[in-house]
1. Report, ordered by chain and residue number, the lysines lying within cross-link reach of A:Lys121, taken as a straight Cα distance under 27 Å and ignoring same-chain residues fewer than 8 apart.
2. How much of the DSSP beta bridge set in chain A is antiparallel, as a percent to the nearest 5?
3. In debye, nearest 20: dipole of chain A around its Cα centre with unit charges on the Cβ of K, R (+) and D, E (-)?
4. In degrees between 0 and 90, to the nearest 10, how far off the longest principal axis of chain A does helix A:204-213 point, with axes built from Cα atoms?
5. I'd like the orientation of helix A:110-121 relative to chain A: the angle between its Cα long axis and the longest Cα principal axis, in ° from 0 to 90, rounded to 10.
6. What value, in deg cm²/dmol to 500, does the helix sum -39500 (n - 2.57) over DSSP H runs of n ≥ 4 give at 222 nm once divided by the residues of chain C?
7. To check you understand DSSP bridge types, tell me what percent of the beta bridges within the range B:87-175 (both residues inside) are antiparallel, rounded to 5.
8. Size of the dipole of chain C about the Cα centre, Lys and Arg at +1 and Asp and Glu at -1 on the beta carbon, nothing else charged, in debye to 20?
Amino acid sequence: MTFVRAALATAGVLLATGFVRSPAPLPAQEAPAGKATYDRWCAGCHGADGAGGGPGAGTMLPRPRDFTTGRYQIRSTPSGALPTDADILAVILDGMPGTAMPGWRDRFSDGELRDLVAYLKTFSPFFESQPAPETLPIASAPSASEEALGEGRDFYEKIECNKCHGPTGRGNGPSAPTLEDDDDLPVRAADLTENWLFNGGGSVEEIHERLVTGLNGTPMPSFHDLIASEFMTEDQLWNVAHYVRSLAPEEPPRVSEVVRGARVEGELPASVDDEAWEVAERFYVPLVGQVVVEPRWFTPSVDGVWIQALHNGREVALRIVWHDPSRSPDPEWEEWRAKVVAIAEAGGETSDPAAAVSDTSGAAPDTTAPAAVTVAAHPPDALVVQFPRTIPDGMERPFFLMGDDREPVYLWRWENGRDGVEELLARGLARYEPLPGAEAGAVAAEVAYDDGEWRLMLRRPLDAGGVEGRLSFEAGRAIPFAVFAWDGSNGETDTRGSIGSWYFLYLDQPTASTVYVAPILATLLTAALGVVVVVRAQRRARNGAGR
Amino acid sequence: MKRSLEAMTMAVLFAALTACGGGGEEADTGGEVATDEEVGPAVSPDSAATVTGVVNFTGAAPAGEPIDMSEEPTCAEKHAEGPTRQTVVTGDGTLANVFVYVKDGLGSRTFPTSSEPVEIDQDGCEYHPRVLAIQANQPLVIKNSDGILHNINTQPTVNQGFNVSQPVSMETTKSFTSPEVMIPVKCDVHGWMEAFIGVQSHPYMAVTATDGSFRLENLPPGTYTIEAWHERYGTQTQTVTVGPQESGEVTFEYSADMAGRPVPMAEPIDLHDHGSEQPVAHAGR
Amino acid sequence: MKLLRHPFWQAVLVLLVAWILITFGIPYLPRLAGMDSAPVPSSVVLQYMVTVLVGVLIWVSDSDERWNRFLEPIRATMVEPERRWLRLGLLVAIPLLVGFLAFRQVRQTVAAPPSLRSIHPAPPSSITFRGTPMTLAGLENPLRADGSIAEDYEEGKRVYYENCLPCHGDALDGRGHYAHGFNPAPLAFNQGGTIPQLTESFVFWRIAKGGPGLPKEGAPWNSAMPVWEDMLTAEEIWAVVVFLYDQTGFSPRTWEEAAGEGGE
């Protein structure tokens, strides 16, 4: 039992040292209750004056809420109305997925939360001047039967959700590139296949509430009037919510550090939409903005890719699928790109982000001025898969952000509009150099784009073919890889894009017969031993009895 | 019965108009009182004055910018000559779509709210009219003659906005509670669609027609600041004094080289402030 | 109750309790102190259980009498005719279990290779900050001396929100909105195991030199921590250090403490 005692003792020491919190040295002023909490934890983004212009705001799209306008996205109240206290509290507790707003559950006492809600309301005169907001009554949800989903789908088209969200909900509708919020900042139509990123939550109930109430300050309208005007019934609106929910997976994707590539016999899939990919296991790799080296990128477009891998002992094939509402360079998105780039370049320096987009002082944007940036500067979509030059024996590998001067990485770079895939080395982010001795076309590539989705297949022999610096793939080893993606229509190129950490590609080995031999041997040996022991014990017992 | 009520209302109003200089509690709340009565003159017919005028325009109006409506054939078909964004509509040396209203001079008088609905229609993926005058709490009927999805996204500062969808031919009735010049209206589905709504607590406002003319009737005698607002050329003010049953005339001069001047948008006019130039409490952004 | 006096069942009970404590009890302890916790790896569980088993065997074999009593039920199961079915069952079940465990050992595993890294590697005694040599040992935060800590806090807050927020988060819990994209996860400052154990000069070093400035035992190739000396001035870094301690309510480790505990 000593080890238990030792463990307890260790824990006791840990508890005794270093956990004593000193009181906050900055005393709170005589101020409304809630101000101290707000100033300490909220003002960094929302600003001390509540106008959404804190130091963290400059790089964010969407911007932090401007509490002085009284416009709140996530509400249970009619379009344009104020939120209830419970609505505000729910957003504080749960945060807004898909944005920089975190959930603050378990951080504040009930009293602090109550004071905070009251304090937020003091920023807008509407809470004084308007009658108390009332929650819209909502009928309970019908069940999500096949027919219900079918009807939801019909109404998805009838009420034209596709105009912004696209025919299958990937946020790529014809109106998506022009969407702006009330501050004239570009805002994305949600990708409905990623419900874990919905600002107001991804459950059917939450989706339905968004449909009923709309998202104030954004282009998302309320559909509540359609029930009163008898265009659709309550159940039909519920069915739209069920249908939208069905566009996303049951559970948010689980991230696995290892991407497993199954071994297939015979040929690898010949095309990106080959049936073999239907059954191959998919792995999700999340990507985030490149915020490590300058120029940094805080408003990335691609938030993750799905990867599949297969090999046949001679070649390896990867299939990478990701959502991107634009097939860049796409002239339809040029205005969007110019706006995002202007905002990024203004950074946190301007308090009025819309001024970065348009400098007309009125709200009527002067679109007669020609766009400063031409389509020629509109970069293509691109994707990079990066590996070390050799499979590392120890833990050490190149720097995850495309290597460094000391240790370069080996990578495959695909770019829309260019044939095939380049094999390159890189010594730092986007610092590419040719791979000496590489023959063009060594990595076969096939790509498809439709309805807001890229599908890219990459294939290469496992063996490096004697080229120095080119990775030799081996089955049964953990091969580090990382993925980078760029959406040109979002102004992304070079260091401005989405990046990810090192993951591991594991190509399955053919199942060796030894895998079965050892357990069977162990079983038989144990059984034999058991029998011997029992027989000897019985014999001894008999002899003992006989004696 | 009805007549006597009417007479009483008139009497009360008249008393308020003549007696009150400094305003009072009634004046503060008066703007929100909507009556079910038919519109009655706010002033005695004996003394009612009129201000008429014209908005002139010199120079060349910019050509409309072409709009790509290829995604919406329903709307594109309604524009035989190709759809364009017309921020400037002119007549023969006159300017249309100018919102003209009494900005100052009414003191703290209050006026009954008209129950006559004001209509805005979405036709050919454009708002008709493009510029619209409405009283606080007066019903605004929003029509969709296109039968395709529009969302009506109003973006006021002092009023509470709304953003509702109309996926089919239908009507929705809304209203605004407070004076505001001007409330932008947009449709996010069709980024080019735009309209501007001017809201006043009083009825003395108009939008110029192609001939540039406007007419503000039934004004109590007094001295008024009249403001003209145009979405591209900004605002101008004129002062006019009218006696009982008199008619005053005001002329505004706009020219093409005024483009790019500041255009006030969603700026509140505070009733409680008795027409001072100060912007109201919260300067949102 | 009579069962509990029997050495065999006592041994079984000890093993069971030990197993529960190791697998559930130990991971629960850090959580009591507000720290993140992880399950105990199975190899460690096995190691501990073997230790417990050895201890139990030493104890039961301590006296001949106890040893014989301990063996009684085992012998009985092996020889008594009325326990025939139990005997047969165990003779089948135990080899199968062994076979299964052996299979688990030899079959293909696709776990990521272990990534062992030192979270607080030893700092160098001096660094070069933007070309200027700087001695870290004994170095105090210069902003603490000038008496305008409230302003430094505000400045640090600005720097933090403009730069650190996406990964380390509003709550300083290492859960910013980009944190999920990085492995290792960004450091949480609001836990006792992190910044209160460090001197301010250590924190300065970690910020200034970032991931690439880590020694090898810190796995510099994985860290997404930028080299902030490229983007921030020394004053900005010291200010953000002030902010980190103030915002979390922790105090930095002093050099006296560091010297006193140096032997650990």
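Nothing in this text is a laboratory measurement; each read-out follows from the coordinates by a stated rule. Predicted, not measured: the structure shown is a model, and the values here were computed from it. Here the Cβ is made from the backbone with ideal geometry for all residues, glycine too, and neighbour counts use every protein chain on show.
1. In chain and number order, the partners are A:Lys35, B:Lys174, C:Lys157.
2. Here the antiparallel bridges make up roughly 90 percent for chain A.
3. Working: 47 positive and 79 negative charges, 754 e Å.
That gives chain A a dipole magnitude of about 3620 debye.
4. Between helix and principal axis, roughly 20 degrees.
5. The angle comes out near 40 degrees.
6. Calculated at 222 nm, the ellipticity per residue is -15000 deg cm²/dmol.
7. 70
8. 2000
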